[in-house]
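In what follows, a single structure is set out as structure tokens and then discussed.
The values are calculated or read from the model by the stated rules, or taken from the named source; none is laboratory data. This is a predicted model, so every value here is computed, not measured. Using ideal geometry, Cβ is built from the backbone for each residue, glycine included, and neighbour counts are taken over all protein chains shown. Just so you know, the surface numbers come from the protein's heavy atoms only, side chains and all, with ligands and any DNA or RNA stripped out. Shrake-Rupley method; radii C 1.70, N 1.55, O 1.52, S 1.80 Å.
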Amino acid sequence: MNPQTLYEKLWHKHVVREEPDGTSLLYIDRHLVNEVTSAQAFEGLRLGLRKPWRITPIIATADHNVPTTARAGGIADPISRLQVETLDHNCADFGIREFGMNDPGQGIVHVIGPEMGATLPNMTVVCGDSHTTTHGAFAALAFGIGTSEVEHVLATQCLLVKKLKSMRVTVSGALPPGVTAKDIVLGVIGKIGTAGGTGYAIEFAGPAIRALSMEGRMTICNMAIEAGARCGMIAVDDTTIDYLKGRPYSPAGARWDAAVAFWRTLVSDAGARFDCEVELDAGSLRPMVTWGTSPEMVVTIDGHVPDPAHEADPVKRDGMQRALAYMELAPHTAIQDIRLDKVFIGSCTNARIEDLRAAAAVVRGRQVAASIRQALVVPGSGQVKRQAEAEGLDQVFIAAGFEWREPGCSMCLGMNDDRLAPGERCASTSNRNFEGRQGPGGRTHLVSPAMAAAAAIAGHFVDAAKF
Amino acid sequence: MRAFDTLDGLVVPMDRANVDTDAMIPKQFLKSIRKSGFGPYLFDEWRYLDRGEPGQDCSKRPLNTGFSLNQPRYRGAQVMLARENFGCGSSREHAPWALDDYGIRALIAPSFAEIFYGNCFKNGLLPIVLDAAVVDALFRDLEATPGYHLRIDLPAQTVTTPAGAVHGFTLDPFRKYCLLNGLDDIGLTMQHMDDIRAYEAQRRAVEPWLFD
């Protein structure tokens, strides 16, 4: 047999049937459901007099709308409350396992899935959320879908899709101190652009990827969508296996051994051909900071805001000018001179325990700058929160002047009360710096957890490695 | 789903690259549990000068008069002319729901983000990819021509300008078939229930842990 890429292996193992034009019925192993993109799908299911094909692949949680302050009193906003209650009712009606707002297992869907072992190698994983790419870190074929497709998966356990092209991003060398998975993926997006991965499944490979923990790998795959790719993935190795062992949804006993033997095959074969190859040297990377309103508008911490006058493409130049006007930044401004109003440490990109440890290591014994109006730490899940508290990280953050919150998506997109006021500037560990993403008129700079923590202390961007 | 065949529609420009779905329909409107009613909030932050809230009456809100959707010459537009990577970011299907509710039936751009592109077809909207140079020329014609219409023929896969220039476009035959016939693809998939069950039996033998 010809050498196959990891993507080809995952693809072929899930095709139920293929039409002559290549449109394929792809079987879905894990369906993650949140409150924002599911209500209309459940309604459609009922209107069509249909039921879920299978219940056990579905895991639901409320993450986007939930308050991150005390929850005993429920959700104040009646529209948010109705949406969360609608998810509760739908899950109860159909017998779906839900980690509701006050369940200890609640959290951001892309954090709780992996931490429970509900994301396994060779799974197809879908969710009505574009950051479903996260789960590709486990050699899973994982991608975000719209609400119509949520309904399709509920009704049939399948999706109608076509095979993507394959891209391999090889990150060679070793990361310098203070440079993280977030900086790798921002570096990749800066290199290939936000549409660079359109039409591709990206496999991240190379020594610098192999050296990452599962949490770092999730950060990388999480932002594959920001490079335009429908999915990102990383091959199985010891790190994958070690992470999965003993988790609640992982197979156990004799099944574990069989699973491991099978999962070990989930790597791209030597000599497998990719439609596109991209290479990056980890050793040349520095901590990254976005300056504009697209994740591709990114420079290193010792860099400067670029000058649109030097951009030859008129559409790109226009985009840069709009971005600078929105961000209220002048060309040639040193990144380290950008002063901040708020700091957000959280999101499905960077709210896992290692992210909080990295931020706490910077914060320990220091104080948030007086000029910072609010510094938030929002753990990705109840489990992350409890682990951080067991390690005393909450006290490190609180002593420094951070607010320690309940888990949820929070200020990544501000569907709850956590958001930027117009004109406010935020160092954020989230994934999108779009206009208004964190609040209308808000200005977002994407960084790693250590960089966000350092910015909170200094009041402006600084190199966390030298801080 | 509403079928799409041909359309002769007024065109509105959205002249910037990387327009994301957060811009098309901001977060506060995603709290709705319905599929309809998003049209008044389409491009809310660019369209109005105040902050919009779900359920708000938009008829008295202060307008950003410079924004294309607010210009009288584009009122009633059914075709949106856009730039590269249109619809990037969030998978929210509320974006095509808002476009549809506003009255847009077709979109033309040099490229679309994938999730958005797929979501359009599920809602009877036709996203058309044309060469960047062609799109550039259409933007110039549109700017220069009040009442600029384009004729879109899905069966023939063509876009025809008022001057008679015909631009062919490609799309997936299956998507074309579903859109032309207004087909709900869940019904199509349900015809293959036996195949799905046979597949599950075969998977269960190899990966029993997936079927507990």
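At a glance:
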| item | result |
| --- | --- |
| Residue in region A:74-82 that is open to solvent by 10 Å² or more (accessible area, probe 1.4 Å), touching a Cys at 6+ places or on another chain (Cβ under 7 Å) and at pLDDT 95 or above present | no |
| Check on B:THR65, open to solvent by 60 Å² or more (accessible area, probe 1.4 Å), modelled with pLDDT of 95 or more and hydroxyl-bearing (Ser, Thr, Tyr) | yes |
| Pair list, Cβ < 8 Å and 6+ apart or interchain, from region B:1-23 residues that are within 13 Å of another protein chain (Cβ to nearest Cβ) and among the basic types (Lys, Arg) to residues that are crowded, with 19+ Cβ neighbours inside 10 Å and assigned to a loop (DSSP other than H, G, I, E, B) | B:ARG16/B:ARG83 |
| Test result for B:PHE169, in contact with a strand residue (DSSP E or B) (Cβ under 8 Å, 6 or more places away or on another chain) and without any contact (Cβ under 8 Å) to a residue 12 or more places away in the chain | no |
| 3 or more residues within 19 Å of the chain's Cα centre (by Cα) and more than 30 Å from A:ARG247 (Cα to Cα): qualifying helices (runs of 4 or more DSSP H) within region B:158-212 | B:173-181 |
| Residue in region A:374-400 that is most open to solvent (accessible area, probe 1.4 Å), counting only those that are over 30 Å from B:SER91 (Cβ atoms) and in contact with a strand residue (DSSP E or B) (Cβ under 6 Å, 6 or more places away or on another chain) | A:ILE398 |
| Tally, over region B:89-143, of residues that are touching a strand residue (DSSP E or B) at 6+ places or on another chain (Cβ under 6 Å), open to solvent by less than 20 Å² (accessible area, probe 1.4 Å) and either outside any helix (DSSP H, G or I) or at positive phi (or both) | 13 |
| Strands (runs of 3 or more DSSP E) within region A:21-93 that include 1 or more residues facing chain B (nearest Cβ under 8 Å) | A:24-27 |
| Index of the failed condition, A:GLU435 passing every other in (1) within 12 Å of another protein chain (Cβ to nearest Cβ); (2) open to solvent by less than 30 Å² (accessible area, probe 1.4 Å) | (2) |
| Residue among A:VAL66, A:VAL33 that alone is open to solvent by less than 10 Å² (accessible area, probe 1.4 Å) and farther than 22 Å from A:GLU149 by Cβ | A:VAL66 |
| Scan of region A:46-79 for residues that are out of contact with any Asp or Glu (no Cβ under 6 Å at 6 or more places or on another chain), at negative phi and among the aliphatic types (A, V, I, L, M), ordered by number | A:LEU47, A:ILE55, A:ILE58, A:ILE59, A:VAL66, A:ALA70, A:ALA72, A:ILE75, A:ALA76, A:ILE79 |
| Yes/no for A:MET451 being open to solvent by less than 20 Å² (accessible area, probe 1.4 Å), in contact (Cβ under 8 Å) with a residue 60 or more places away in the chain, over 24 Å from A:ALA181 (Cβ atoms) and more than 16 Å from the chain's Cα centre (by Cα) | no |
| Among the candidates A:ARG46, A:ARG97, A:ARG71, residue that is in contact (Cβ under 8 Å) with a residue 12 or more places away in the chain, of a type outside the set (A, V, I, L, M, F, W, C) and closer than 27 Å to B:ILE196 by Cα | A:ARG97 |
| Hits in region A:135-175 - residues which are open to solvent by less than 30 Å² (accessible area, probe 1.4 Å), of a type outside the set (A, V, I, L, M, F, W, C) and more than 15 Å from A:HIS31 (Cβ to Cβ) | A:GLY136, A:SER166 |
| Region A:302-347: number of residues that are out of contact with any Ser or Thr (no Cβ under 6 Å at 6 or more places or on another chain), under 30 Å from A:GLN387 (Cβ atoms) and among the hydrophobic types (A, V, I, L, M, F, W, C) | 2 |
| Breaking point among (1) within 30 Å of A:ALA359 (Cα to Cα); (2) at the interface with another protein chain (Cβ under 10 Å from one of its Cβ atoms), for A:ALA155 | (1) |
| Matching residues in region A:158-193 - criterion: being at the interface with chain B (Cβ under 9 Å from one of its Cβ atoms) and closer than 23 Å to A:THR290 by Cβ | A:GLY193 |
| Considering residues of region B:24-49 that are more than 7 Å from every other protein chain (Cβ to nearest Cβ) and of a type in the set (A, V, I, L, M, F, W, C) only, the residue most open to solvent (accessible area, probe 1.4 Å) | B:LEU49 |
| Failed criterion for B:GLU84 (all others in (1) crowded, with 19+ Cβ neighbours inside 10 Å; (2) more than 9 Å from chain A (Cβ to nearest Cβ) hold) | (2) |
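Table: residues versus (1) aliphatic (A, V, I, L, M); (2) open to solvent by less than 10 Å² (accessible area, probe 1.4 Å).
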residue: A:GLY178; (1), (2): no, no
residue: A:LYS191; (1), (2): no, no
residue: A:CYS231; (1), (2): no, yes
residue: A:ILE234; (1), (2): yes, yes
residue: A:LYS245; (1), (2): no, no
residue: A:PHE262; (1), (2): no, no
